[in-house]
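See below for the structure under consideration.
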Amino acid sequence: MCRLLTAWLGKGGLEKIELILEAFIRSSEHDKYLEKASGGRSLSHDDGWGIAAVGMVKGKPSIIQHRSILPIYDIESLRMIKLIESRLKRYEEVIMMVHSRKASMSEPYGEEYLHPFITLLKNGAAWFAHNGGADKPRLANLLGVHPWIRVDSELLGYFLIGKIEDCLESGNGLDQCVVGAYDSSKEFIPPCNGLNTGLIMLLDNTPHLYFTHGVAQPCSNQALLDYYKFAAFRIDDSAVAGSITVLDYLPQDSSISEISILEAGVYKASKTGFTRLKPIEWM
């Protein structure tokens, strides 16, 4: 169980980045949705955090990434985030993804198991983060790796990005390949688990940001359905989407507008907003 934030930030949004990240940090420290879904056993996402971002300077990308086993609200993490914020503000625009982890007892624990997970491509790289669970034994068998030294979401990301690469090599467009890869990935999500993901693809000099929201059916657990809700909003000239808890901690600020709860689907992001490329449906 985790919290996830994705954003496409212009200069106006970058000037307000403290508001966005502060809301995410506080949502990771005290998450009423996690508290309810866990029956009161947990309320914090305290098993580490990670950030991946692509900053653009004169049309060329610059990479920022960091992962830490400390909780995102730990004082040392807060100091690092201030450094990262200062760096991000130097760019003309930024494509960003932040993740805080609540690890299940059956999953590996340590810095190397933190999201976002990076995959190097022939002409760039991809970063993947996930809030939900996946069928790790099936994915590990399919990918030919040992399951217990891998994270389920990590294997889901490798499978997804592999599908996208194969599709692109066949000459198809990126949007089509991303939608098709997520269609193939749905079968690995057990009922009542989320397919809430963020995906940054850097192909040559061009960054692309996608995210998904969905809960595998059948699922009648309302606490989990609420926990996996995904929200979106605009802040100044920028677009942000992420886990529902972030809304609890957004400040009253005139630059924040167009707050909405998203329908299940595969979304493509840009500075001007989000486009749902296809609904996510479970038969």
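The values are calculated or read from the model by the stated rules, or taken from the named source; none is laboratory data. Being a predicted model, the structure only gives us computed values, none of them experimental. Note that each Cβ is placed from the backbone with ideal geometry, even for glycine, and that neighbours are counted across all protein chains shown. SASA here: full protein model, heavy atoms, side chains in, ligands and nucleic acids out. Shrake-Rupley method; radii C 1.70, N 1.55, O 1.52, S 1.80 Å.
In region 3-279, if the dipole is taken from +1 on Lys/Arg beta carbons and -1 on Asp/Glu beta carbons about the Cα centre, which of LEU21, PRO137, GLY59 is farthest to the positive end?
Working it through, the farthest residue towards the positive pole turns out to be GLY59.
Which of PRO191, MET283, THR119 sits farthest toward the positive end of the charge dipole of the chain, with +1 on the Cβ of Lys and Arg and -1 on the Cβ of Asp and Glu?
Sorting the options by dipole projection puts first THR119.
Could you give the length gained by full extension between SER104 and LYS186, i.e. 0.36 nm per residue of separation minus their alpha carbon distance, to one decimal place? Intermediate values should be presented prior to the final figure.
Values: separation 82, 0.36 × 82 = 29.52 nm, distance 2.07 nm.
Length difference between fully extended and current span is 27.5 nm.
Using a cut-off of under 12 Å, list every residue of region 199-239 whose amide N is near the label point 7 Å from the Cα of SER170 along the Cα-to-beta-carbon line.
Taking a point 7 Å out along Cα→Cβ of SER170, no residue of region 199-239 has its backbone N under 12 Å.
Using the heavy atoms of the protein chains and a 1.4 angstrom probe, tell me the accessible area per residue for region 3-279 in square angstrom.
Values: 11590 Å² over 277 residues.
Per-residue value: 42 Å².
Quick check: at a probe of 1.4 Å, how many percent of the accessible area of region 3-279 sits on carbon and sulfur atoms? Let's see the in-between values first.
On the way: 5820 of 11590 Å².
Summing carbon and sulfur atoms, their accessible area is 50 percent of the total for region 3-279.
Evaluate the distance, in nm, between pseudo-label points positioned 7 Å from the Cα of LEU43 and of LYS58 along their respective Cα→Cβ axes.
So the two model labels end up 5.1 nm from each other.
Give the residue list of trypsin sites (Lys or Arg not before Pro) in region 9-102 that are DSSP loop and have at most 14 other beta-carbon atoms within 10 angstrom. Before the final figure, lay out each step's value.
Working: sites: LYS11, LYS16, ARG26, LYS32, LYS36, ARG41, LYS58, ARG67, ARG79, LYS82, ARG87, LYS89, ARG90, ARG101, LYS102; in loops: LYS16, ARG41, LYS58, LYS89, ARG90, LYS102.
For trypsin sites (Lys or Arg not before Pro) across region 9-102 that sit outside H, G, I, E and B with at most 14 neighbouring Cβ atoms in 10 Å, the list reads ARG41, LYS58, ARG90.
Once you treat every alpha carbon in the chain as an equal point and sum by Debye, what is log10 I(q)/I(0) at q = 0.12, 0.14, 0.15 Å⁻¹?
Listed by q, the Debye log ratios stand at -0.69, -0.97, -1.14.
Assuming 0.36 nm per residue, please report the length gained on full extension of the stretch TRP282 to GLU35 beyond their Cα-Cα distance.
On the way: separation 247, 0.36 × 247 = 88.92 nm, distance 2.67 nm.
Contour length minus Cα-Cα distance gives 86.2 nm.
Say a site is exposed when it is one of the GluC sites (Glu not before Pro), sits in a DSSP loop, and has at most 14 other Cβ atoms within 10 Å; what is then the longest site-free stretch of the chain?
Working: sites that count: GLU92, GLU263, GLU281.
The longest such stretch corresponds to 93-262.
At R0 = 30 Å, how high is the FRET efficiency between GLU112 and ARG90 if r is their beta carbon distance? Nearest 0.05 is fine. All intermediate terms of the calculation are to be shown ahead of the outcome.
Values: r = 29 Å, r/R0 = 0.95.
E between GLU112 and ARG90, to the nearest 0.05, is 0.55.
With just the Cα atoms defining each centre, how far is region 102-139 from region 56-96? Give it in Å.
For region 102-139 versus region 56-96, the Cα centre distance is 20 Å.
Could you pull out every residue, at least 5 positions away or on a different chain, whose amide H is within less than 5 Å of the one on SER238? Hs are placed 1.01 Å off N in the peptide plane, and Pro or chain starts have none.
GLY10, GLY13
Can you tell me which of 142-148, 118-124 comes out highest on packing, and rank the rest after it, using the mean Cβ neighbours within 10 Å? The partial results should precede the final answer.
Working: 142-148: 11.4, 118-124: 13.6.
In decreasing order of mean packing, 142-148, 118-124 become 118-124, 142-148.
Relative to the present Cα-Cα distance, how much length would full extension add between GLN222 and LEU143 at 0.36 nm per residue of separation?
Numbers: separation 79, 0.36 × 79 = 28.44 nm, distance 3.34 nm.
Between GLN222 and LEU143, full extension yields an extra 25.1 nm.
Add -39500 (n - 2.57) for each DSSP H run of 4 or more in the chain, then divide by its residues: what number comes out at 222 nm, to the nearest 500 deg cm²/dmol?
Working: 8 runs with 82 residues, N = 283.
Rounded to the nearest 500, it is -8500 deg cm²/dmol.
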